[in-house]
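**Student:** Before I ask anything, let me first share the structure, which is written out below as structure tokens.
The values are calculated or read from the model by the stated rules, or taken from the named source; none is laboratory data. Given the structure is predicted, the values throughout are model-derived calculations rather than measurements. Note that we place each Cβ from the backbone using ideal geometry, even for glycine, and neighbour counts take in every protein chain shown. Note: accessible area is taken over every heavy atom of the protein model, side chains too, but ligands, DNA and RNA are not part of it. Shrake-Rupley method; radii C 1.70, N 1.55, O 1.52, S 1.80 Å.
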Amino acid sequence: KKLKADYEILCKIKKVLMDEKRHIRFGDWNAADIEVLNKHLFITSKPMIYLVNLSEKDFIRKKNKWLPKIKEYVDKHDPGAMIIPISGAFEQKLLEFETEEDRKAFEQETKCTSSLSKVIVQGYKA
């Protein structure tokens, strides 16, 4: 009997994923459904964080012509998801400084700080 209930819930999950083409987190689930979902750890049941890699110049300016379009897409297809702009080039430059003082001076000069801590914190929250 327990397996029959699990099977019915898995069929409901399959319907949301395959037929409706939606992420699991957008389905309507009751307590029994959530218990089965938690056993299987589906990746689409987790909240999404979108990392947008910008050029160093765009990251420092805090402007990019694609950011509004990306935000519009995310708001339409995944409401409530977080977008974090990051610059791999900027992060690499920060890592290459010899001393903490040099790193701090560069951050003050550019008026920008590393986004890695925000990525890590939000990743664990999700």
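**Student:** Please find, within the range 43-58, the residue that is surrounded by the fewest Cβ atoms within 10 Å (Cβ to Cβ) out of those that are in contact with a Leu (Cβ under 8 Å, 6 or more places away or on another chain) and of a type outside the set (A, V, I, L, M).
**Tutor:** THR44
**Student:** Just need a number here: residues in the range 87-112 that are on the phi > 0 side of the Ramachandran plot and in a helix (DSSP H, G or I). Write out each step before concluding.
**Tutor:** Residues of the range 87-112 on the phi > 0 side of the Ramachandran plot: 111.
Now narrow it down to the ones that are in a helix (DSSP H, G or I): none.
The number of residues fulfilling the criteria is 0.
**Student:** Any idea which of ALA31, ALA105 is under 30 Å from ILE9 (Cα atoms), open to solvent by 50 Å² or more (accessible area, probe 1.4 Å), small (Gly, Ala, Ser) and without any contact (Cβ under 8 Å) to a residue 24 or more places away in the chain? Please lay out each step first, then the result.
**Tutor:** On the way: ALA105 fails: under 30 Å from ILE9 (Cα atoms).
One residue alone meets the criteria, ALA31.
**Student:** Let me ask another. Would you mention how many residues in the range 21-73 are closer than 18 Å to GLU91 by Cα, β-branched (Val, Ile, Thr) and in contact with a strand residue (DSSP E or B) (Cβ under 9 Å, 6 or more places away or on another chain)? It would help to see each step written out before you state the result.
**Tutor:** Going through the range 21-73, the residues closer than 18 Å to GLU91 by Cα turn out to be 50-64.
Now restrict to residues that are β-branched (Val, Ile, Thr): 52, 60.
Imposing the further condition that a residue be in contact with a strand residue (DSSP E or B) (Cβ under 9 Å, 6 or more places away or on another chain) reduces the set to 52.
Here the count works out to 1.
**Student:** So if I check each of LYS69, LYS15, LYS76, which one is farther than 25 Å from GLN122 by Cα and either at pLDDT 90 or above or surrounded by fewer than 11 Cβ atoms within 10 Å (Cβ to Cβ) (or both)?
**Tutor:** Working: LYS69 fails: farther than 25 Å from GLN122 by Cα; LYS76 fails: farther than 25 Å from GLN122 by Cα.
After applying the criteria, what remains is LYS15.
**Student:** Being β-branched (Val, Ile, Thr), within 15 Å of the chain's Cα centre (by Cα), part of a helix (DSSP H, G or I) and under 21 Å from LEU116 (Cβ atoms) narrows it down to one of ILE84, ILE60, ILE70, so name that one. Steps first, answer last, please.
**Tutor:** Working: ILE84 fails: part of a helix (DSSP H, G or I); ILE60 fails: within 15 Å of the chain's Cα centre (by Cα).
Criteria check complete, one pass: ILE70.
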